[in-house]
Amino acid sequence: MTNASIMRQKRSHRIDIRLTLPEYEKAQLMADKNNLTMSELFRAKTLKNRLPRRVTKVAGQTYWELGKIGNNLNQIAKAINTSVLMGEPVVVDRALLSQVRDLVKQVRREIAEIDLITDLQDEGCLASTSKVKVFGDC
């Protein structure tokens, strides 16, 4: 169903919500500033905006591990810079450096793929329970 067809439908369902006075005043101010009714404001804020993505346990652990790796790389860079300033030779294993570079690229691709799949699932374009990719109306 497209946004245009949704807009043409009569709105017959009602939702009552409770707000504190400060919440109500803030919502009313936002509605007034944008020349919207309260209903239009809440529809715009809830139906048109995407919800924040939930951070999975795996993603949280991955970010934590990446932070530790970043700290280690900074320590290595500091040691190399100190050696250079002291006039000591720095030996670089180019094969190992190339392997690390390839692994970083692989991780970036995998993270990007996971983000794409999650986005498609969030938008209902990809079945989240199926191993076969089933696309919707996206």
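R0 = 30 Å: FRET efficiency of GLU113 with VAL90, Cβ-based, nearest 0.05? My answer for the efficiency is 0.25. Computed with a 1.4 Å probe over protein heavy atoms only, the accessible area of VAL104 comes to about 70 Å².
Site pair ASN35 and ALA77 shows an inter-label distance of 4.9 nm when each label is modelled 7 Å from Cα along Cα→Cβ.
The values are calculated or read from the model by the stated rules, or taken from the named source; none is laboratory data. Since this is a predicted model, take the numbers as computed values, not measurements. Positions of Cβ are generated from backbone atoms using ideal geometry, with glycine treated the same way; all protein chains shown enter the neighbour counts. Areas reflect the complete protein model, heavy atoms only, side chains present, ligands, DNA and RNA absent. Shrake-Rupley method; radii C 1.70, N 1.55, O 1.52, S 1.80 Å.
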